[in-house]
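The structure under discussion appears below in the form of structure tokens.
The values are calculated or read from the model by the stated rules, or taken from the named source; none is laboratory data. Note that the structure is predicted; figures quoted are calculated from it, not measured. Here Cβ is always computed from backbone atoms with ideal geometry, including for glycine, and neighbour counts include all displayed protein chains. Calculation scope for accessible area: heavy atoms of the full protein, side chains included, ligands and nucleic acids excluded. Shrake-Rupley method; radii C 1.70, N 1.55, O 1.52, S 1.80 Å.
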4 protein chains.
Amino acid sequence: MPEPRFRRRKEDRPQEITEAALTAFAEKGYAATRVDDVAKRAGVSKGLLYLYFKTKEDLFKAVIRSFVVPRIDALTTIIDNSEMSAEEFLRGPFFEFARTLPGSHISILIRLMIAEGPKHPDLLQFYWDNVVSRGLGAISELLERGVQQGEFRRSAVNELPHLFAMPVLFSVVFRSLFEKQCPDTDKLIGAQLDLLIAHMKGDVA
Amino acid sequence: MPEPRFRRRKEDRPQEITEAALTAFAEKGYAATRVDDVAKRAGVSKGLLYLYFKTKEDLFKAVIRSFVVPRIDALTTIIDNSEMSAEEFLRGPFFEFARTLPGSHISILIRLMIAEGPKHPDLLQFYWDNVVSRGLGAISELLERGVQQGEFRRSAVNELPHLFAMPVLFSVVFRSLFEKQCPDTDKLIGAQLDLLIAHMKGDVA
Amino acid sequence: MPEPRFRRRKEDRPQEITEAALTAFAEKGYAATRVDDVAKRAGVSKGLLYLYFKTKEDLFKAVIRSFVVPRIDALTTIIDNSEMSAEEFLRGPFFEFARTLPGSHISILIRLMIAEGPKHPDLLQFYWDNVVSRGLGAISELLERGVQQGEFRRSAVNELPHLFAMPVLFSVVFRSLFEKQCPDTDKLIGAQLDLLIAHMKGDVA
Amino acid sequence: MPEPRFRRRKEDRPQEITEAALTAFAEKGYAATRVDDVAKRAGVSKGLLYLYFKTKEDLFKAVIRSFVVPRIDALTTIIDNSEMSAEEFLRGPFFEFARTLPGSHISILIRLMIAEGPKHPDLLQFYWDNVVSRGLGAISELLERGVQQGEFRRSAVNELPHLFAMPVLFSVVFRSLFEKQCPDTDKLIGAQLDLLIAHMKGDVA
DNA sequence: AATGAATGAGTATTCATTCAT
DNA sequence: CATGAATGAATACTCATTCAT
């Protein structure tokens, strides 16, 4: 009996398609990715793809939405729910997050955001609201908690959570461009964390 | 028939074209820039443009080559020739360089490199050899000099000149994406420098 | 499980669909009308529509068939059954028919026939046989009756019932294209009738 | 020596293309005509066609503009410049014009206008201003001249030049739809002219 | 009978690149 | 050298039609 030409799987389709798109975008970049190709990878006709995503741009946005946001969610959830000290969190889950990000699929999405962002202002806004702003906010909150609990002293760093995000972005970009010549990004991220934590604790760094 | 008042010099043509291209790429990005448009901006016919640059990709590479490298040259030249202490250099010319970069045209080129780089491995190699590697090397050298002269202590940071480059890349990317919500990048760069210098000097940060 | 309050009758379906199609075609024209849209207007699934009409073209033909023919029927029935004199008929029911046609839905169908006709020769044949030929025949017959009864004289006009149809077609087309600049079509149709009747009666027009 | 792949004929291209388009539109109608096909007929690449006409719609408009307007010009020029009496003009040049139109290419354009007009309001306006309004105006003027010179009496017909245009439009439409069953359109047009002229002259028609 | 998810052929339009002049 | 007319491959998107459910 031959494979049925049709499978009715309304529920699964969107995710099947965004997954295929993620891979395709990751390999070729946005502009060079053919809608045809995404459909083929998803094992779906082009027409069906357009049933779920009005345009290629739409598809791109959906990819960003569905793969990046959950990562941030995971991080903020831990901050909110755990009993860890700030340092424990930074050296534990945060370091783990920062360390693994540059090698993951998400890393490629971040490069895509940098590349394509300026052409999609609404996506940029979405990304700011749901990813960047929340991520920075979570760090700020964490530092504040550290200060409240006498773990950290207050300093200019409290206003600059970006200092914690910096090595992550740097590693993402660096590894995606100069894979070969890239330093051990773990070391880089670790070094920055050491610097910052020593500073916050008032130690000689 | 009157002699044309200005006759364009053959020798200037390539630069006129790369300048036009820089502006165009900066405005629209690589893919969305039309060769036609670059030619028009340069006041040159499309055919002539193709006489100097075999392909659009070629033109892109030429743009990167001619505008980014000189900036790095300027910086390394100062390091090599000046009598400043390491800290003076970092707080002086380096800070100035880092502070102005994110708002300049070069900033856009860096974003373009991030976006288009992976499609042009040879360009990436060129960029590594002539910009990144030399930039990081210059910082390493500077730190080493600081150590030699008793200004700095030796630490893990000596092996990670990236820590000095990080805030620059971060600011470039951040400002080009989130102009509105962007923090004062001067402050960010300054804070990182403070952290690093305090650490190198062994101060309580 | 409650019985649905209204259960659509199978027998009514085709007409409900052609009615929806008429409206849709009238609004958008044949090519721009989506089968999807017709189905939605008819409150029916696309699949069911295709159960009744094999193709979109089929649907179009059905629309023409079901809405135009009855109009002609109505007219010929009056001719055949009434006791009116020819002039009474022309100035009465015929004028009424001619006057109201250009503003009705049928008018749009006629425009569609003009537009799409050449692509559907069989439809054209059907239209000729059932509408045009019968309409012209009815007029011829009427004129003949007028001659037989001494009401009209015989002239070249007897062979050209088209002269009576002309202002109707003209008004239909004119109003559908130049609604704004259109003359009072009643006056136009009336004037042509006056001309023709005066001629047939041998009056000075 | 092989045919050169390029011919530089900037001046001739637009007309070569509109001519090809006229034929194609005439054969297939607007929607069914492929831009590809027009280009092929014109012996030109698709790209070049788009150099001269921004869109398919643009091309269509150009076709209407370039082939219909001159015909009207020819007619009005005769009215304005000739010394003929009104009747001479009507039975001479006007009849000739009306007689030949339904078999000409223009006839097909008129059908296209009827079919596509409502989708292109600006084209419709152009057509009204440059063709219909001027054509009707010319007839009105002619009738008025006839009245002034004692050739015609004044009547309701003076206000309805449409009565003269009617048989032309009717013949155009009729012949393009029912070529086979079409009456001798010359006879039809002649009969209407006879009716109208007799009426204007006050004769028993 | 009824649904609507799934198909895929079909087409307008763009743009880097070439080459006759 | 210089031009810009000419090329044609490449691609997002549509929609009539089908068919598993």
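Round to the nearest 10 and give me the degree value, 0 to 90, for the angle of helix D:185-201's Cα axis relative to the longest principal axis of chain D.
So the helix axis and the longest Cα principal axis differ by about 40 degrees.
Got a number for the accessible area of residue A:160? Probe 1.4 Å, square angstrom, nearest 10.
Solvent-accessible area, nearest 10 Å²: 10 Å².
Determine the dipole magnitude for segment A:5-55: charges of +1 sit on the beta-carbon of Lys and Arg, -1 on that of Asp and Glu, nothing else is charged, the reference point is the Cα centre, and the result goes in debye to the nearest 20. Show your work: numbers first, answer last.
Details: 12 positive and 7 negative charges, 64 e Å.
The dipole of segment A:5-55 has a size of about 300 debye.
For chain A, just list the percent of Cα-Cα distances falling in each 5 Å bin from zero outward, please.
With a bin width of 5 Å, the distribution comes to 1, 7, 14, 16, 16, 14, 11, 8, 6, 4, 2, 1, 0, 0, 0.
Given a cut-off of under 8 Å on Cα pairs at least six residues apart, what relative contact order in percent is computed for chain C?
Value for chain C: 21 percent.
Can you tell me the FRET efficiency between residue C:144 and residue C:82 if r is taken as the Cβ-Cβ distance and R0 is 22 Å, rounded to the nearest 0.05? Please list the in-between numbers first.
Numbers: r = 16 Å, r/R0 = 0.71.
Efficiency computed from Cβ-Cβ geometry: 0.90.
With solvent modelled as a 1.4 Å probe, how much accessible area in total do chains B and A shield from it at their shared surface, in Å² to the nearest 100? Could the numbers behind the result be given before it?
Numbers: alone 11670 and 11630 Å², together 19560 Å².
In total, chains B and A hide about 3700 Å² from solvent.
Rounded if a/c is under 1.5, else prolate if a/b beats b/c, else oblate: with a ≥ b ≥ c from the C-alpha gyration tensor eigenvalues square-rooted, which is the protein assembly as shown?
Judged from the Cα gyration tensor, the protein assembly as shown comes out prolate (a/c at least 1.5, a/b above b/c).
In segment C:29-49, what residues drop by 20 Å² or more of accessible area when the other protein chains are put back, versus the chain on its own? Use 1.4 Å, and skip ligands and nucleic acids.
The answer is C:31.
With a 1.4 Å probe and every protein chain kept in, tell me what percent of the accessible surface of chain D is carbon plus sulfur.
That fraction is 52 percent.
If you place +1 on the Cβ of every Lys and Arg and -1 on the Cβ of every Asp and Glu, how big does the dipole about the Cα centre of the protein assembly as shown come out, in debye to the nearest 20? Numbers along the way, then the final one.
On the way: 112 positive and 112 negative charges, 295 e Å.
About 1420 debye.
Using alpha carbons only, how many degrees (0 to 90, rounded to 10) separate the axis of helix D:105-116 from the longest principal axis of chain D?
Taking Cα atoms only, the helix is inclined about 80 degrees.
Mind checking which of A:95, A:63, A:85 is farthest towards the positive end of segment A:22-98's charge dipole, using Cβ charges of +1 (Lys, Arg) and -1 (Asp, Glu) about the Cα centre?
Checking the options against the dipole of segment A:22-98, the answer is A:63.
Can you give the charge dipole size of segment C:68-201 about its Cα centre, rounded to the nearest 20 debye, using +1 on the beta carbon of Lys and Arg and -1 on the beta carbon of Asp and Glu? Display every interim value, and only then the final one.
Working: 13 positive and 17 negative charges, 79 e Å.
Taking the Cα centre of segment C:68-201 as origin, the dipole is about 380 debye.
Considering only lysines 8 or more places apart in sequence, or on different chains, count the pairs in chain A whose C-alpha atoms sit under 22 Å apart.
Taking the Cα cut-off of 22 Å, the pair count is 22.
Averaged over peptide A:11-20, how many Cβ atoms belonging to another chain are found within 10 Å of each residue's Cβ? Show your work: numbers first, answer last.
Details: counts 0, 0, 0, 0, 0, 0, 0, 0, 0, 0.
Taking all residues of A:11-20 together, the mean is 0.
Through the Karplus equation 6.51 cos²θ - 1.76 cosθ + 1.60, θ set to phi - 60°, convert the phi angles of segment A:44-50 into ³J(HN,Hα) values in whole Hz; use x for Gly and Pro.
Computed from phi, the couplings for segment A:44-50 are 9, 7, 4, x, 5, 3, 6 Hz.
How far, in degrees from 0 to 90, does helix B:13-28 lean away from the longest principal axis of the Cα atoms of chain B, to the nearest 10?
Relative to chain B, helix B:13-28 is tipped by roughly 70 degrees.
When each copy gets a label point 7 Å from Cα toward the beta-carbon at residue A:87, what are the spacings between them in nm, shortest first?
Shortest to longest, the spacings are 2.7, 11.6, 11.8 nm.
Using protein chains only (no ligands, no nucleic acids) and a 1.4 Å probe, work out which residues of segment B:145-184 have their accessible area cut by at least 50 Å² relative to the chain alone.
Checking the loss per residue gives B:160, B:162, B:166, B:169, B:170, B:177, B:178, B:181.
Could you compute the FRET efficiency for residue B:91 and residue B:181, with r as their C-beta to C-beta distance and R0 at 30 Å, rounded to 0.05? List each step's numbers first, then the result.
Values: r = 28 Å, r/R0 = 0.92.
Result of the calculation: an efficiency of 0.60.
Anyone know which of A:133, A:171, A:107 comes out most mobile in the 10 Å Cα GNM of chain A?
Answer for the Gaussian network model of chain A: A:133.
Copy-to-copy spacing for residue A:147, label 7 Å out on the Cα-to-C-beta vector, in nm, shortest first?
Label point to label point, same position, other copies: 3.5, 9.3, 10.8 nm.
Only counting protein heavy atoms at a 1.4 Å probe, give the residues of segment D:98-141, ordered by number, whose accessible area falls by 50 Å² or more when the other protein chains are present relative to the chain alone.
In segment D:98-141, residues shielded by partner chains: D:111, D:114, D:124, D:128.
Any chance you could check the Cα centroid distance between segment C:37-67 and segment A:121-151 for me, in angstrom?
56
Over all pairs of distinct alpha carbons, what does the Kirkwood formula give as the hydrodynamic radius of segment D:5-55, in Å?
Values: mean 1/r = 0.0913 Å⁻¹.
Kirkwood hydrodynamic radius for segment D:5-55: 11.0 Å.
Which residue, D:53, D:152, D:178, tops the fluctuation ranking in a GNM of chain D built on C-alpha contacts under 10 Å?
Of the options given, D:178 has the highest mean-square fluctuation.
Run the label-point distances for residue A:12 please: 7 Å along Cα to Cβ, every other copy, nanometres, shortest first.
Copy-to-copy label distances for residue A:12: 4.2, 6.2, 6.6 nm.
Determine the calculated [θ] at 222 nm for chain B from helices alone, applying -39500 (n - 2.57) to every DSSP H run no shorter than 4 residues and normalising by the residue count; nearest 500 deg cm²/dmol. Write down the numbers at each step before the final one.
Numbers: 11 runs with 135 residues, N = 205.
Only helices count here, giving -20500 deg cm²/dmol.
Most mobile of A:102, A:161, A:70 per a Gaussian network model of chain A (Cα springs, under 10 Å)?
A:70
If we count every other residue with Cβ under 12 angstrom of residue B:105's Cβ, Lys/Arg +1 and Asp/Glu -1, where does the sum land? Working shown, then result.
Values: positive: B:71, B:111; negative: B:19, B:27.
That works out to 0.
Report the residue of chain C with the smallest Cβ-to-axis distance, using the rotation axis that brings C onto B, in whole Å.
Reported as residue, whole Å: C:32, 16.
With every protein chain present, what is the per residue accessible area of the protein assembly as shown (1.4 Å probe, Å²)?
On a per-residue basis, the protein assembly as shown sits at 48 Å².
Leaving out ligands, DNA and RNA but keeping every protein chain, what accessible area does residue D:128 have, in Å² rounded to the nearest 10, with a 1.4 Å probe?
30
Can you compute 3J(HN,Hα) from phi for each residue in segment C:58-63, using the Karplus curve 6.51 cos²θ - 1.76 cosθ + 1.60 with θ = phi - 60°, rounded to whole Hz and x for Gly and Pro?
4, 4, 4, 4, 4, 4
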